[in-house]
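The values are calculated or read from the model by the stated rules, or taken from the named source; none is laboratory data. Bear in mind that the values here come from a model prediction, so they are computed numbers and not experimental data. As a convention, Cβ positions derive from the backbone with ideal geometry for all residues, glycine included, and neighbour counts pool all protein chains shown. These accessible areas exclude ligands, DNA and RNA; they are computed on the full protein's heavy atoms, side chains included. Shrake-Rupley method; radii C 1.70, N 1.55, O 1.52, S 1.80 Å.
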Amino acid sequence: MNEHDFESGDEIAWCPGCGDFGILSALKDALVQLGRTPRNVLLVSGIGQAAKLPHYMNCNCFNGLHGRALPVATGAKIANKDLTVIVTTGDGDCYGEGGNHFIHAIRRNCDITVVVHDNQIYGLTKGQASPTTEPGYVTKVQLSGTVLEPLHPLETAIALGCGFVARGFSGDMHHLAGLMAAGVRHKGFALIDVLQPCVSFNHKNTFAWYRERVYRIEEDTEYDPADKTYAYRMAAEWSDKIPVGIIYRAARPTYEEKTGIDGMPPLNQHEIDTIDIETIVTEYA
Amino acid sequence: MEITVRIAGEAGQGIQSIGRIICRAIKRHGWNLFADQDYMSRIRGGNNSFRIRISDTPCLAPREKTDILIALNRESVAIHEGTVRKKGLIVADEATDDVTATTLRYFNVPIGALAKASGGKSLYENSVVCGVITGLLHLDPDAVVNVLKDMFGKKGEETGDKNITAFREGNRYTRDNYFSDAFHLGRRQYGDGIVINGNEAVALGAVHAGCKFYSAYPMSPSTGIMASIARFAKRFGIVVEQAEDEIAAINMVIGASYAGVRAMTGTSGGGFALMGEGVSLAAMTETPLVVVDVQRPAPATGFPTRTEQADLDLLIHAGHGEFARVIYAPGTAEEAFSLTVKAFDIAEKYQIPVFIMSDQHLADSYRNVTLPDVGALSRQRHVIPTNGQSVHPYKRYALTGSGISPRAVPSWIDDVIYADSDEHTEEGHITEDARIRTLMVQKRFTMRMNLLSKEMTPPSASSLSRTEIVLVGFGSTCGVMQEACGSVSGMNVGYIHLPQVWPFPAEEVRTLLEDAPEAKIVSFENNAAGQLARLLRRETGIACCDSILKYDGRPFTVDEVVATVKERYSSL
């Protein structure tokens, strides 16, 4: 398998120069690194620019409703534990419309990987504030600047007990591909929040702005992603320096392990025409 | 012969446990029964009751009058005494009630004292009461002990033994102190089967149909379905997941269905309202979906534990946009079972949302039923079957001219499968093409509605020739309609029950009514608008001359319907 095997012929509808292109390349690269085949990969998305990504790949795809990618991915993984399930979502889709699912999907800890295209703005609806927009940022709706405090997805995820919390940068595709591969290999819910400049509507957090600030966590050889307290501080670092890499990692029992799904054939392979309810019917006699 | 026993008391006094034990015991003595529950939305206090109608003929609905009232607190006597027949009996604990002497009408049992003597806990009062009822009805105590063992078996031997002691104390006290033979049932062979309620029937249907994933958010009165499936989940390799909300529940079910399993969700009206967008998603992505709406009175929170049939319009129109759907409205536990099995088949065959419209009355009412022959119910999978089959290039939404695009499961074929909530090409990619749009709408909506007209679950009806009045109903009113029609003296009253309300069985209803050209058509519904009457007129042009409507949250009783029909129509 190489990158071309994961390419679809569908015409790409993103703006030229969009940060999403880097994420698309990195994801193909990661799947090649992982040795996956298209028919065993499922990409689930909701609505938004990020949610278009599955159409641009040759993989199984479920492009559902705004905010609802996580429950669809959860159901699909439960039905077929052997699928590699990856969610491609955005800051509005995952942290706004789907915020409740984000919280509970982490608690549930199914073995799925969530890649959030975090451009800190609404792209598809043309430039309104998103849950991660920096306070004070002026839009056509937030005329006096964004009033709400931003949601901090990485700190939230760590607090909820997420076993794999990472931040990537779409301008560093090679590094991002490595994070994605590690996220897929992690058994359990893996969150990768990707800094992804919106070239049309976010005039602050540009490629240049990020390139000045982003550094790889691995450069600090002392950093231990198993240290939760340190991980909080690392997740919160948002100044003239912004870390990318695996911020927090911990082994946790997955939903599939705890529910016994791992111990049986995938649910979608169970024969149903041999099911005999006679034994349970007699319990009501 | 017929006896109605009503057990009443506060929430938390174990009324439901007593009721369920007595139902089983009665069935095992060869009697028919119908038991309905009237309970409040609280865990402790208030006044709840469990009413069991016992009969030598099959019974399908509740009656007004009580023969034996078991009052577990003082308030229950005051509330329910008026329903007790002249020759009826009121059983109460002398420690808690005004009445202190046993008379023909009152039988005082020291329930609390007997329970304390048996195990030192008031917890065993339930078992004392079961013993009292067993004594009054002349049931075989050993047979009832077996029911207790079946029900308490899992709670450990000591609890079980103490319950049995308490039961025997209650039974002994009754035999020693109550000498009337008025309520003698004994062993007969009038009825058989199993004792289940509507929620359990849906759960059994789902398990039989091969449902592998059930996801829901707890909501009265639908939660019993989730609890029943959960009870059997391990044995049948089913995953039951309590979702964070109804939106998650329906989307999880859609994800699981897309990935190749049969999956279902259940809720009540409020939860169903939240699921609306998901219904539309299932339709657009052509993903099979089965949803149970166990209705309760609304708007908003309404009456959480009571009954109504006001979601008919909601279900017909749920989800934005136009697409095919099917709505079943089972009238009995037997229909709830078989229509649940059929719902999975139709949902998968036509790749559409299918709704099972139940309500609290059907969901919580117990009857002795014989389930339909399961062998006759199809469980054929409607997917491209072979693992690893070469289907290349695969088009998920292929326009085949039949109205159905062959459905593949991810990883089962060598090509990939795109499903999309946007309007899409045959391959499943986003499109804005006008021609494709038109063809896709026709496939999802008109072509499938035509196909579904050949899958109709027909109405059931009494013989309608020479009827003066025809009652038309759907869902849980089936039983009461059926019984009431046979009980109106001096009038020829018939009924039509619709177990499927969408697509509407217009031709079938017209054909039935041809037998009764002179009859007055009356819709019979647990709602205020007469939603079925409006639907009937819209789909057939047939106008009802009247509607019998009830929307106080309580089910119709046979007596009430008979009285209403006589009062309104006997002079016609």
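Tell me which residues, restricted to the range A:51-91, are facing chain B (nearest Cβ under 7 Å), open to solvent by less than 10 Å² (accessible area, probe 1.4 Å) and within 18 Å of residue A:116 (Cα to Cα).
Result: A:55, A:61, A:62, A:63, A:64, A:71, A:72, A:73, A:74.
Which one of the conditions (1) among the aliphatic types (A, V, I, L, M); (2) more than 10 Å from every other protein chain (Cβ to nearest Cβ); (3) out of contact with any Leu (no Cβ under 9 Å at 6 or more places or on another chain) does residue A:244 fail to meet, given that it meets all the rest?
Condition not satisfied by residue A:244: (3).
Only one of (1) in contact with a Lys or Arg (Cβ under 6 Å, 6 or more places away or on another chain); (2) on the phi > 0 side of the Ramachandran plot is not met by residue A:164, so which one is it?
Every listed condition holds for residue A:164 apart from (2).
Looking at A:161, A:136, A:171, A:188 in this structure, which one is open to solvent by 10 Å² or more (accessible area, probe 1.4 Å), in a loop (DSSP other than H, G, I, E, B) and either at pLDDT below 95 or within 23 Å of residue A:29 (Cβ to Cβ) (or both)?
After ruling out the rest, the residue left standing is A:171.
Can you name every residue in the range A:56-91 that is assigned to a helix (DSSP H, G or I) and either more than 12 Å from residue A:45 (Cα to Cα) or among the hydroxyl-bearing types (Ser, Thr, Tyr) (or both)? If you could, list the steps in order and put the result at the bottom.
Kept after step one, since they are assigned to a helix (DSSP H, G or I), are these residues of the range A:56-91: A:56, A:69-79, A:91.
Correct list: A:56, A:74, A:75, A:76, A:77, A:78, A:79, A:91.
From the list A:23, A:47, pick out the single residue that is away from chain B (no Cβ under 11 Å), in contact (Cβ under 8 Å) with a residue 12 or more places away in the chain and either touching a Leu at 6+ places or on another chain (Cβ under 7 Å) or part of a helix (DSSP H, G or I) (or both).
Numbers: A:47 fails: away from chain B (no Cβ under 11 Å).
Unique residue meeting the criteria: A:23.
Need pairs with beta-carbon distance below 9 Å; first residue under 20 Å from residue A:213 (Cα atoms) and within the range A:171-183, second surrounded by fewer than 20 Cβ atoms within 10 Å (Cβ to Cβ) and among the acidic types (Asp, Glu); sequence gap 6+ or separate chains.
Sorted first by the residue in the range A:171-183, then by its partner, the pairs are A:175/A:218.
Being in contact with a Phe, Trp or Tyr (Cβ under 6 Å, 6 or more places away or on another chain) and open to solvent by 10 Å² or more (accessible area, probe 1.4 Å) is the filter here, so list the residues in the range A:96-108 that pass it.
A:108
Can you name the number of the only condition in (1) open to solvent by less than 40 Å² (accessible area, probe 1.4 Å); (2) away from every other protein chain (no Cβ under 14 Å) that residue B:340 fails?
All conditions pass for residue B:340, except number (2).
Being assigned to a loop (DSSP other than H, G, I, E, B) and under 21 Å from residue B:499 (Cα atoms) is the filter here, so list the residues in the range B:358-407 that pass it.
B:365, B:370, B:371, B:372, B:373, B:377, B:378, B:379 - these are the residues of the range B:358-407 that are assigned to a loop (DSSP other than H, G, I, E, B) and under 21 Å from residue B:499 (Cα atoms).
Could you tell me which of the residues A:231, A:251, A:235, A:226 is under 20 Å from the mean Cα position of the chain (by Cα), in a loop (DSSP other than H, G, I, E, B) and small (Gly, Ala, Ser)?
Step by step, each of A:231, A:251, A:235, A:226 is checked, and only A:251 is under 20 Å from the mean Cα position of the chain (by Cα), in a loop (DSSP other than H, G, I, E, B) and small (Gly, Ala, Ser).
Can you tell me which residues in the range A:92-107 are more than 8 Å from chain B (Cβ to nearest Cβ) and part of a helix (DSSP H, G or I)?
A:92, A:93, A:94, A:95, A:96, A:97, A:99, A:102, A:105, A:106, A:107
Residues that are hydrophobic (A, V, I, L, M, F, W, C), open to solvent by 10 Å² or more (accessible area, probe 1.4 Å) and more than 9 Å from chain A (Cβ to nearest Cβ): find the helices (runs of 4 or more DSSP H) completely inside the range B:184-281 holding 3 or more of those.
On the way: elements: B:198-209, B:223-236, B:246-258, B:269-274.
So the answer is B:223-236.
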